[in-house]
Amino acid sequence: MIEIKNLRIEDTSDGWSRVAVDVNFEGMDDLYNGEGIWFSTPSKNKHMLSESYDAFLLVPLYIAMS
């Protein structure tokens, strides 16, 4: 089972904003070393970040299927 949770938008100290989630693969090692998955953009484009989990499904799904 793949658990994707804790969707959040964060501002970094170097002028970037990112949307991030925590990912847990049940029965597998932590492939992300506690970092989760994130997508970032310059802070001036923060309004383009979505509060949807859709973008985060593809990477863990690919890993789980391999």
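Out of N6, W16, Y53, whose Cα points farthest toward the positive end of the dipole of region 2-65 (charges: +1 Lys, Arg; -1 Asp, Glu; placed on Cβ)?
W16
Work out from phi, with θ = phi - 60° and the Karplus expression 6.51 cos²θ - 1.76 cosθ + 1.60, the ³J(HN,Hα) of each residue of region 7-20, listed in order in whole Hz, and give x for Gly and Pro.
My calculation for region 7-20 gives 5, 8, 10, 10, 9, 9, 6, 9, x, 10, 10, 9, 9, 9 Hz in order.
Using unit Cβ charges (K, R positive; D, E negative) and no other charged atoms, how large, in debye to the nearest 20, is the dipole of region 2-65 about its Cα centre?
Charge dipole, region 2-65, about its Cα centre: 340 debye, nearest 20.
Read the figures in this text as sums done on the coordinates, not as results from a lab. This is a predicted model, so every value here is computed, not measured. Cβ sites come from the backbone with ideal geometry, for glycine too, and all protein chains shown count toward neighbours.
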